[in-house]
Amino acid sequence: QVHLVESGGGLVQTGGSLRLSCVASGMIFSINAMGWYRQAPGKQRELVASISSGGTTNYADSVKGRFTISRDNAKNTVYLQMNSLQPVDTAVYYCSSFRYPGRWGHGTLVTVSS
């Protein structure tokens with residue numbers, strides 16, 4: 001059974017940084033393309049970054065140049081380094097596998113204060 005556990009969220013001031021982690025189990029992690037999503041209050045969940053099994057990355061325009069997605073297949077973990085955080089980045093962040101859409105963890109809350 002696919003299981004995803006996100007961590008690393010917290011409260012940070014505008015301009016600060018956070019590093020999110022997502023540990024996956026129940027899948028062959030190395031062959032899975034992974035994505036980081038976020039859902040702000042009253043808004044739909046959106047994809048902010050993705051990484052293929054081969055390491056190719058893609059970003060939403062809103063985070064390009066500020067966020068970096070990476071993966072460590074030995075640890076079954078995908079990361080999201082977030083720099084220059086802004087209040088609009090406030091959301092619950094989730095990771096997911098493109099091979100198993102709809103499988104979500106509990107997410108991790110990121111709050112950026114102005």
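The values are calculated or read from the model by the stated rules, or taken from the named source; none is laboratory data. In this text the structure is predicted, and so the values were computed from the model without any measurement. Using ideal geometry, Cβ is built from the backbone for each residue, glycine included, and neighbour counts are taken over all protein chains shown. Accessible surface is based on the protein model in full, side chains and every heavy atom, while ligands, DNA and RNA are left aside. Shrake-Rupley method; radii C 1.70, N 1.55, O 1.52, S 1.80 Å.
Brief remarks follow.
- Residues satisfying the criterion are absent from the range 18-25 (criterion: touching a strand residue (DSSP E or B) at 6+ places or on another chain (Cβ under 8 Å), in a loop (DSSP other than H, G, I, E, B) and either in contact (Cβ under 8 Å) with a residue 12 or more places away in the chain or open to solvent by 60 Å² or more (accessible area, probe 1.4 Å) (or both)).
- Filter result for the condition that a residue is open to solvent by 70 Å² or more (accessible area, probe 1.4 Å) and either among the charged types (D, E, K, R) or free of Cβ contacts under 8 Å to residues at least 24 places away in the same chain (or both), over 102, 42: 42
- Reported count of residues in the range 63-99, each being open to solvent by less than 10 Å² (accessible area, probe 1.4 Å), assigned to a loop (DSSP other than H, G, I, E, B) and without any contact (Cβ under 8 Å) to a residue 60 or more places away in the chain, is 1.
- Test: residue 30 is in contact with a helix residue (DSSP H, G or I) (Cβ under 6 Å, 6 or more places away or on another chain) and either surrounded by fewer than 17 Cβ atoms within 10 Å (Cβ to Cβ) or not in a strand (DSSP E or B) (or both): yes
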